[in-house]
Amino acid sequence: MHRVSSILAGAAFRSAVLLLLLFLAVFLVAGVVIVSQTSSEAESEIRALVSNEFELFREAAETGDMNQLRQLVDSSAAAAGPRFFVVALYRPDGTLFAGDDIPRPEKLGWSTITSGVNTKTPTEKYLALTEDIGGYRVTFGRTLFFVEVGSAALWRALMLASIVVGIGALAIGYLASHGVSAKLDRMAETLERVARGDSRVRLPVGRSNDQVDRVSRQMNAHLDRLSDLLDTMRNTVISIAHDLKSPLSRAYILLQEAEEAPGEAEQTQLLEEAQAEIERLNGIFDTVLRISRIEASDDQSGFAAFSARELVSETLQTFEPVVEEARQELIEAPLSGDATIVGDRRMVVQLLVNLITNASRYSPPGARIELSAGVEDQHPVLIVADNGPGIPAERRTEVFEPFRRLNPERDERGAGLGLALVQAIATRHRASVRLEDNQPGLRVIVRFPVSDLGAAA
Amino acid sequence: MKVVVAEDDRTSSEFIRKGLAQQGHSVETVYDGRDALTFCLYNSCDVLVLDRMMPGMDGLSVAKALRASGRTMPILFLTSMGDVDDRVEGLMAGGDDYLVKPFHFSELLARITVLARRPQTAEASSRLSIHDLELDLMAHTATRAGTRIDLQAKEFAILALLMRNAGRIVTKTMLLEQVWDFNFDPQTTVVETHMSRLRAKIDKPFEVPLIHTTRNTGYSIHAPRQ
């Protein structure tokens with residue numbers, strides 16, 4: 001029952017009904033026009049016939065002898081069997097002189113007269129012409145029966161056509177709506193399952209590629225993104241819990257030790273260490289918040305154009321001594337052409353700093369880190385390359401996930417958020433991050449979109 | 001110095017009040033945005049420490065209202081939101097500085113101290129000098145005891161910032177913000193490294209050190225104290 005009502009409420013059925021109503025209205029108007037046109041043509045045919053007959057009456061009266069006219073009328077009226085005309089001749093005083101006994105028309109000219117139905121005149125309505133010939137009034141009329149029958153037949157044909165068309169349209173509408181309704185029902189069912197927490201189900205997509213299928217396909221893409229996000233979030237929450245617990249428990253232990261420490265110097269030392277752990281915790285929080293904020297917004301209103309090469313040499317000046325302290329080398333390897341990046345300069349600086357920090361942190365002393373800015377297929381690019389251990393090809397995508405460290409047991413310092421933040425900043429700038437083998441080492445290429453603003457600047 | 005602390009969290013408020021009082025400042029605490037506005041409209045103070053999220057009236061609105069009624073006291077925003085946009089919003093509303101929670105008390109103190117002196121340093125001077133060290137801001141040159149010292153751009157910027165706030169502590173975060181325009185912690189020894197290079201040029205060749213480190217807090221520059 002619910003099924004039928006939902007089909008009847010479907011858009012396809014509704015539009016079929018609407019079209020049908022419109023069609024019927026047009027059909028009705030057309031029918032009226034056709035029928036009235038046909039009957040008026042038939043009537044003018046009858047008028048022509050009647051006028052011809054009248055010629056005979058006039059000719060008969062031309063001699064002035066009214067008896068001749070009377071004989072003509074009588075012989076016409078006396079024709080055997082039922083006939084389709086009436087004829088009557090009245091004296092000047094108004095009494096019937098010859099022909100059918102029908103009421104004498106008061107008006108001259110065309111009129112519709114009604115005769116009593118009898119064996120001679122089997123129909124009721126006649127189109128008649130009345131004229132005075134030599135003082136005598138003559139009325140001659142032909143039946144309208146065939147015109148009426150014709151109109152009625154036409155009307156019936158038109159009605160039948162509308163009924164057939166109407167039923168057809170409703171059936172087609174119902175079937176179309178049934179198809180769509182079935183798809184929509186499946187859609188609703190699937191979405192309900194998603195709402196209940198099953199993020200793996202997808203909408204069925206038919207082969208017809210209609211609007212519903214296209215919407216389904218789009219919704220499936222959304223569902224894919226949604227379940228990706230859910231998975232990432234689940235992993236992130238677990239990782240956050242794990243990664244925050246360790247510094248938290250270390251701080252907790254340090255505070256307990258400080259409570260029981262014998263000397264003041266020792267106590268201060270332990271308290272400072274606890275504070276450092278809490279700061280580390282806060283740093284992780286800040287970075288996670290920063291990543292989620294950068295990911296959540298798509299606001300590019302604060303973007304401005306700046307030179308990639310200037311950015312690189314400024315960052316180099318700042319970090320060259322820092323890297324040198326780790327007994328590594330940071331140099332600029334110029335690429336061809338200077339590029340203009342359109343973006344949030346501070347964010348891009350952080351991206352670059354994170355890449356340099358990563359390169360330095362995971363490379364041994366004596367390593368060499370190359371920084372460069374340039375143009376690749378017209379795209380502005382920033383490249384950070386090192387000759388450290390690199391990342392195996394099959395693990396290059398997972399390093400962008402938050403809290404992912406390739407060797408967690410060896411690497412205590414990083415929280416595994418550096419590349420996640422790099423990815424977030426790149427995405428905000430519609431830039432791509434590519435990890436390549438530097439033979440040996442890692443080569444990170446951040447490729448920014450070609451921008452009109454950049455070209456103009 | 002008189003400091004008004006508008007912060008609705010009683011623990012933080014008490015922590016700040018105690019710390020500032022220990023430093024010999026007089027502190028007035030309010031716990032509601034409207035109280036903060038009323039108090040600052042009818043009383044004078046040297047610095048207003050204003051939490052951004054408060055009941056009654058938020059910090060941004062308080063700052064805007066104060067500026068609209070012509071109050072010029074320095075305002076330091078406290079916030080748990082450390083994002084660039086929030087920072088810009090705070091400064092646009094009439095704030096003079098911005099500190100993200102949680103913070104070291106020494107960081108807050110350093111910033112309050114710098115803020116309270118700001119009006120005097122506003123008069124643009126093209127030359128700064130401490131003891132026998134001279135800095136020409138126009139010519140970008142540094143000389144000590146008559147000897148010209150070659151400084152890199154960032155080293156010069158650090159030295160200028162320290163000398164503008166001579167005698168006061170400039171924290172690591174303040175240096176990152178003002179010299180490098182970093183609104184994030186680069187997790188490396190950027191400040192320490194550049195500071196040690198600067199010291200190698202400014203202090204090492206001479207007998208009297210001028211740049212001093214305050215442990216866990218920051219740096220200050222001042223003439224030797226007798």
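The values are calculated or read from the model by the stated rules, or taken from the named source; none is laboratory data. Quick caveat, the model's predicted, so the values are computed rather than measured. We place every Cβ from the backbone using ideal geometry, glycine too, and count neighbours over all the protein chains shown.
Some points to look at:
- The lone criterion from (1) modelled with pLDDT of 90 or more; (2) among the hydroxyl-bearing types (Ser, Thr, Tyr); (3) out of contact with any helix residue (DSSP H, G or I) (no Cβ under 7 Å at 6 or more places or on another chain) left unmet by B:Tyr219 is number (3).
- Test: residue in region B:160-181 that is in a loop (DSSP other than H, G, I, E, B), surrounded by 15 or more Cβ atoms within 10 Å (Cβ to Cβ) and within 14 Å of chain A (Cβ to nearest Cβ): yes
- On inspection, A:Arg200 fails the criterion of being within 24 Å of A:Ala11 (Cβ to Cβ), away from chain B (no Cβ under 14 Å), of a type outside the set (Phe, Trp, Tyr) and free of Cβ contacts under 8 Å to residues at least 60 places away in the same chain.
- Leading residue by the ranking (farthest from the other protein chains (Cβ to nearest Cβ)) among those in region A:343-376 that are under 22 Å from B:Glu177 (Cα atoms) and among the β-branched types (Val, Ile, Thr): A:Val348
- Filtered residues of region B:35-93 (kept if in contact (Cβ under 8 Å) with a residue 60 or more places away in the chain, aliphatic (A, V, I, L, M) and either in a strand (DSSP E or B) or touching a Lys or Arg at 6+ places or on another chain (Cβ under 6 Å) (or both)): B:Val47, B:Val49, B:Leu78
- Being in a helix (DSSP H, G or I) and among the hydroxyl-bearing types (Ser, Thr, Tyr) is a condition met by no residue of region A:370-377.
- Residue match in region B:98-105 (condition: in a loop (DSSP other than H, G, I, E, B), under 22 Å from B:Gln23 (Cβ atoms), touching a residue at least 60 places away in the same chain (Cβ under 8 Å) and within 14 Å of chain A (Cβ to nearest Cβ)): yes
- Selected residue (only one of A:Ser162, A:Ser151 is in contact with a Ser or Thr (Cβ under 9 Å, 6 or more places away or on another chain) and either under 18 Å from A:Leu21 (Cα atoms) or small (Gly, Ala, Ser) (or both)): A:Ser151
- Filter result (at the interface with another protein chain (Cβ under 10 Å from one of its Cβ atoms) and either surrounded by fewer than 19 Cβ atoms within 10 Å (Cβ to Cβ) or over 25 Å from A:Asn438 (Cα atoms) (or both)) within region A:302-319: A:Gly302, A:Glu314, A:Gln317
- Test for B:Val84: is it surrounded by fewer than 20 Cβ atoms within 10 Å (Cβ to Cβ), modelled with pLDDT under 90 and either touching a Gly at 6+ places or on another chain (Cβ under 8 Å) or within 27 Å of B:Thr217 (Cα to Cα) (or both): yes
- Looking only at region B:150-159, and only at residues there that are within 14 Å of another protein chain (Cβ to nearest Cβ) and more than 26 Å from B:Val88 (Cβ to Cβ), the one that is surrounded by the most Cβ atoms within 10 Å (Cβ to Cβ): B:Glu155
- Residue under evaluation A:Asp298, criteria (1) more than 51 Å from the chain's Cα centre (by Cα); (2) outside any helix (DSSP H, G or I); (3) not aromatic (Phe, Trp, Tyr), criterion not met: (1)
- Yes/no for A:Val50 being under 60 Å from the mean Cα position of the chain (by Cα) and of a type in the set (Val, Ile, Thr): no
- Test: residue in region A:197-212 that is in a helix (DSSP H, G or I), at pLDDT below 85 and not aliphatic (A, V, I, L, M): yes
- A:Val29 being modelled with pLDDT of 90 or more, part of a helix (DSSP H, G or I) and either more than 30 Å from A:Ala182 (Cβ to Cβ) or out of contact with any Asp or Glu (no Cβ under 7 Å at 6 or more places or on another chain) (or both): yes
- Enumeration of residues in region A:71-92 that are over 14 Å from A:Phe140 (Cβ atoms) and not polar (S, T, N, Q): A:Ala78, A:Ala80, A:Gly81, A:Pro82, A:Arg91, A:Pro92
- Boolean, A:Ala88 is in contact (Cβ under 8 Å) with a residue 12 or more places away in the chain, surrounded by 12 or more Cβ atoms within 10 Å (Cβ to Cβ) and in contact with a helix residue (DSSP H, G or I) (Cβ under 6 Å, 6 or more places away or on another chain): no
- The residues on offer are A:Ser162, A:Ser216, and the sole one that is surrounded by 11 or more Cβ atoms within 10 Å (Cβ to Cβ), among the hydroxyl-bearing types (Ser, Thr, Tyr), modelled with pLDDT under 90 and more than 18 Å from the chain's Cα centre (by Cα) is A:Ser162.
- Filtering region B:190-226 to residues that are within 14 Å of chain A (Cβ to nearest Cβ), part of a loop (DSSP other than H, G, I, E, B) and touching a Ser or Thr at 6+ places or on another chain (Cβ under 9 Å) leaves B:Asn216, B:Thr217.
- Which listed residue, of A:Glu279, A:Glu314, A:Glu324, is at pLDDT below 90 and in a helix (DSSP H, G or I): A:Glu279
- Cβ pairs under 9 Å, 6+ apart, first in region B:168-188 and farther than 18 Å from B:Ala153 by Cα, second among the basic types (Lys, Arg) and assigned to a loop (DSSP other than H, G, I, E, B): B:Gln187/A:Arg413
- Take the conditions (1) at positive phi; (2) modelled with pLDDT under 85; A:Glu398 misses just one of them, which is (1).
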